[in-house]
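Before any comments, here is the structure.
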Amino acid sequence: MNYVDDKKVIELELKANDIRQSIIEMLVSAGSGHSAGPLGMADVFTALYFHLLKHDPKNPALVDRDFVVLSNGHICPVQYATLAHAGYFPVEELKTLRKFGSRLQGHPHRTKLPGIETSSGPLGSGIAQAVGMAIALRMDKKTNFVYGLVSDGEQDCGIAWEAAMLAGREQLWNLIAIMDRNNIQIDGFTEDIMPLEPLRAKYEAFGWHVIDVDGHNMAEIVNAVEEAKAIYEKPKMIIAHTIPGKGVDFMERRFEWHGNPPGKGPIDKVPADRQAEEALRELRTLNGKIRSEHE
Amino acid sequence: MIFKNAQLHEDSLDIAKLEQKPTRAGFGEGLVEAGDKDPSIVALCADLTESTMILPFKKKYPARFVEIGVAEQNMAGVASGMSAIGKLPVISSYAMFSPGRNWEQIRTTICYNEQPVIIVGSHAGVSVGPDGATHQAVEDMAIMRVLPNMTVVSPCDMVEAKKAILAAAVLRKPLYLRLHREKSPIFTTLATPFEIGKAEIFFDSDASACDVAIIATGPLVHNALLAAGELEKLGKKVRVINCHTIKPLDEKTILDAARMARHIVTVEEHQVAGGLGSAVAELVAREYPVPIEFVGVQNRFGESGDKNELIEYFGMGVSHIVSAAQKVMNRSNQ
């Protein structure tokens with residue numbers, strides 16, 4: 001079923017590209033940080049904050065809001081850029097990323113920045129917190145949804161599966177997890193480091209409803225979340241198949257770009273001093289064209 | 001003599017006349033009372049509902065109880081999430097596993113995140129007994145004490161443990177509550193003052209003079225009282241302080257004692273590194289350096305045995321406290 005029209009899709013795609021540009025600019029300004037994950041999740045974050053979530057950037061504490069828990073805190077540049085473009089704080093502030101005195105800590109801190117629901121970075125714990133939120137909301141008979149944003153690499157962590165078991169037993173209909181399935185982690189490709197597949201079968205065995213989507217196709221992302229909202233009596237796992245570094249050709253699909261900013265990544269394709277400029281140039285030419293089915 | 005204002009049991013120095021119950025029992029009673037008063041209190045347990053005394057709460061409030069299974073890391077994270085929605089979660093396991101196994105989740109998702117969660121570590125110390133070293137947490141206060149935003153409370157008997165959980169429920173901050181499995185003498189009363197962060201004088205030979213101050217925490221406070229009685233018979237003037245809150249430390253009460261006694265003995269069922277003794281030493285070294293002797297576990301793992309055997313074997317008996325006091329009084333202050 002299609003829950004979103006082409007006009008909206010194009011609007012979201014353009015917004016995602018603005019967010020990608022902000023990610024590149026803030027990473028260059030910071031001189032450190034992660035490139036691949038944030039660029040890969042720009043479409044999912046855009047779909048959430050500009051279409052799917054119940055939230056109010058001018059009132060981040062809105063009682064009826066949906067809760068977004070970012071577990072893999074290292075991709076926070078995409079969350080910061082999305083929150084800024086959504087109006088939680090000035091876009092100009094993105095340049096302070098990782099700098100002394102900034103509200104934009106290297107990994108997100110709940111009490112520093114509006115819109116951040118939890119401090120995160122140490123992997124695996126976010127989904128446990130999302131499960132706790134979902135249980136507490138259900139105790140209070142609330143209908144808010146909890147979105148647990150997780151990575152594939154952190155499926156190595158035992159706590160991720162402890163939380164998955166509990167969510168399955170509790171049949172948490174109000175929990176929607178979205179996994180950034182980009183196949184990379186710091187030391188290499190996930191299936192080389194610690195094989196994760198079959199992820200769908202694993203989560204199904206734990207009592208979850210699993211939906212696979214192209215993580216760069218806005219319509220698919222929106223439709224999957226709407227489907228997830230409509231399914232009761234199970235927690236939902238949307239496996240978003242993404243391309244790490246999406247939008248910048250010389251970064252795409254390369255684990256070497258997991259933890260580096262433009263200017264400090266591999267130099268086999270583009271020299272360090274031209275990486276920032278080249279990344280922004282590529283993004284401009286892609287304006288509104290990131291749609292995987294066109295590839 | 002027993003300090004009058006402490007309002008201890010009238011036979012507090014006569015162990016034969018004192019009723020004995022474990023501190024965890026006081027917690028179990030107090031949690032139900034706290035739950036009656038505050039509907040936001042929820043309880044989580046890692047497959048140890050009966051022995052951690054969460055069971056009465058679970059029976060009375062089943063909808064406010066979450067069984068987590070043997071997954072202490074998840075328990076801490078889930079509790080943080082529930083706290084974010086406005087609950088006050090009380091998480092419970094053996095101290096060896098929580099906070100022993102889930103320290104990073106407690107640090108990041110509870111303390112750094114500033115989410116109020118009460119972490120209840122039961123079966124602390126070597127007095128757990130026959131289970132042996134794997135189940136004898138003697139490092140828990142150290143790893144909790146170093147965390148910013150954390151409060152650490154170690155009650156001395158069952159009555160105080162009940163007061164502690166009730167006070168913790170009102171405080172609504174990240175808090176570690178240390179409990180013990182085995183029965184221990186109930187020597188405080190309902191009238192004994194208790195305030196988190198405020199140490200209490202339990203024994204004071206002379207309000208204006210003192211030879212040695214014994215600063216103790218947990219059920220070993222009772223051994224400290226017995227030791228003080230013996231030292232008094234030897235002509236020494238002694239002050240015993242029940243330091244139930246390891247963090248934040250009651251600096252005034254401890255420094256007043258340091259200035260008057262100029263010799264300190266610390267007593268805890270915990271490694272001497274990192275716990276009460278270290279906290280007192282850090283304060284005294286900074287503000288008013290005096291010699292200190294540390295009664296506690298001396299950089300060793302526990303053993304199987306019964307409670308009293310082990311307390312003696314690891315050097316935390318009454319005679320050991322008396323010896324430590326005599327030793328510290330013989331050390332020069334200069």
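Touching a Lys or Arg at 6+ places or on another chain (Cβ under 8 Å) and either closer than 17 Å to B:Ile264 by Cα or hydrophobic (A, V, I, L, M, F, W, C) (or both), is that true of B:Ala279? Criteria met by B:Ala279.
Among the conditions (1) out of contact with any Lys or Arg (no Cβ under 8 Å at 6 or more places or on another chain); (2) touching a residue at least 40 places away in the same chain (Cβ under 8 Å); (3) more than 10 Å from chain A (Cβ to nearest Cβ), the only one that B:Gly26 does not satisfy is (1). Only one entry in A:Ala167, A:Ala177, A:Ala163, A:Ala228 is part of a helix (DSSP H, G or I), touching a residue at least 60 places away in the same chain (Cβ under 8 Å) and buried (at least 19 other Cβ atoms within 10 Å of the Cβ), namely A:Ala167.
Residue-by-condition table, conditions (1) within 28 Å of A:Ala164 (Cα to Cα); (2) not in a helix (DSSP H, G or I):
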{"residue": "B:Arg24", "(1), (2)": "no, no"}
{"residue": "B:Leu31", "(1), (2)": "no, no"}
{"residue": "B:Gly35", "(1), (2)": "no, no"}
{"residue": "B:Pro39", "(1), (2)": "yes, yes"}
{"residue": "B:Met53", "(1), (2)": "yes, yes"}
{"residue": "B:Phe57", "(1), (2)": "yes, no"}
{"residue": "B:Ala63", "(1), (2)": "yes, no"}
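Of the listed requirements (1) charged (D, E, K, R); (2) under 21 Å from A:Thr285 (Cα atoms); (3) at pLDDT 95 or above, A:Arg253 misses just one: (3).
For the range B:276-296, state whether one or more residues are over 28 Å from B:Lys198 (Cα atoms) and outside any strand (DSSP E or B). No: zero hits. How many residues are farther than 24 Å from A:Gly168 by Cα, of a type in the set (S, T, N, Q) and either more than 7 Å from chain A (Cβ to nearest Cβ) or not in a helix (DSSP H, G or I) (or both) when one looks only at the range B:85-124? Qualifying residue count for the region: 3.
Scanning the range A:201-212 turns up no residue that is touching a residue at least 60 places away in the same chain (Cβ under 8 Å), under 24 Å from A:Asp43 (Cα atoms) and surrounded by fewer than 20 Cβ atoms within 10 Å (Cβ to Cβ). For the range A:56-101, the candidate set comprises residues that are within 12 Å of chain B (Cβ to nearest Cβ) and either free of Cβ contacts under 8 Å to residues at least 12 places away in the same chain or part of a loop (DSSP other than H, G, I, E, B) (or both); within that set, the residue that is farthest from A:Ser22 (Cα to Cα) is A:Val63.
Here A:Thr190 fulfils each of the conditions (1) away from chain B (no Cβ under 14 Å); (2) crowded, with 18+ Cβ neighbours inside 10 Å; (3) farther than 24 Å from A:Leu39 by Cα; (4) not aromatic (Phe, Trp, Tyr) apart from (3).
The residue that is nearest to B:Met75 (Cα to Cα), counting only those in the range A:98-127 that are surrounded by 20 or more Cβ atoms within 10 Å (Cβ to Cβ) and small (Gly, Ala, Ser), is A:Ser125.
When B:Met82 is tested against (1) more than 14 Å from chain A (Cβ to nearest Cβ); (2) in contact with a Gly (Cβ under 8 Å, 6 or more places away or on another chain); (3) hydrophobic (A, V, I, L, M, F, W, C); (4) surrounded by 24 or more Cβ atoms within 10 Å (Cβ to Cβ), just one condition goes unmet, and that condition is (1).
Confirm whether B:Leu48 is more than 10 Å from chain A (Cβ to nearest Cβ), part of a helix (DSSP H, G or I) and of a type outside the set (Gly, Ala, Ser). Outline the logic, then answer.
Numbers: more than 10 Å from chain A (Cβ to nearest Cβ): yes; part of a helix (DSSP H, G or I): no; of a type outside the set (Gly, Ala, Ser): yes.
So B:Leu48 fails the test.
Only one of the numbered conditions (1) part of a strand (DSSP E or B); (2) more than 26 Å from B:Lys87 (Cβ to Cβ) is not met by B:Tyr176, and that is (2). Looking across B:Ala142, B:Ala161, one residue alone is in the same structural domain as B:Gly30 (by TED's automatic domain parsing), crowded, with 20+ Cβ neighbours inside 10 Å and assigned to a helix (DSSP H, G or I). It is B:Ala161.
All but one of (1) away from chain A (no Cβ under 11 Å); (2) without any contact (Cβ under 8 Å) to a residue 60 or more places away in the chain; (3) under 19 Å from A:Ser125 (Cβ atoms) hold for B:Leu55; state the number of the condition that does not hold. The single condition B:Leu55 does not satisfy is (3).
Of everything listed in (1) more than 17 Å from the chain's Cα centre (by Cα); (2) of a type outside the set (Lys, Arg); (3) away from chain B (no Cβ under 14 Å); (4) not in a helix (DSSP H, G or I), the single unmet condition for A:Leu104 is (1).
Comparison of B:Ala63, B:Ala71 shows that the only residue that is buried (at least 24 other Cβ atoms within 10 Å of the Cβ), within 14 Å of chain A (Cβ to nearest Cβ), of a type outside the set (D, E, K, R) and farther than 30 Å from B:Val221 by Cα is B:Ala71. Taken over the range A:145-160, the criterion of being within 9 Å of chain B (Cβ to nearest Cβ) and either part of a strand (DSSP E or B) or surrounded by fewer than 22 Cβ atoms within 10 Å (Cβ to Cβ) (or both) is satisfied by A:Val146, A:Cys157, A:Gly158. Filtering the range B:190-211 for residues that are crowded, with 21+ Cβ neighbours inside 10 Å, over 30 Å from B:Arg331 (Cα atoms) and of a type in the set (Gly, Ala, Ser) leaves an empty set.
Cβ-Cβ contacts under 6 Å between residues 6 or more apart (or on different chains), taken from a first residue in the range A:115-144 that is at the interface with chain B (Cβ under 7 Å from one of its Cβ atoms) to a second residue that is aromatic (Phe, Trp, Tyr), are listed as A:Glu117/A:Phe67; A:Ser119/B:Tyr112; A:Met133/A:Phe67.
The values are calculated or read from the model by the stated rules, or taken from the named source; none is laboratory data. Computed from a predicted structure; not experimentally measured. Here the Cβ is made from the backbone with ideal geometry for all residues, glycine too, and neighbour counts use every protein chain on show.
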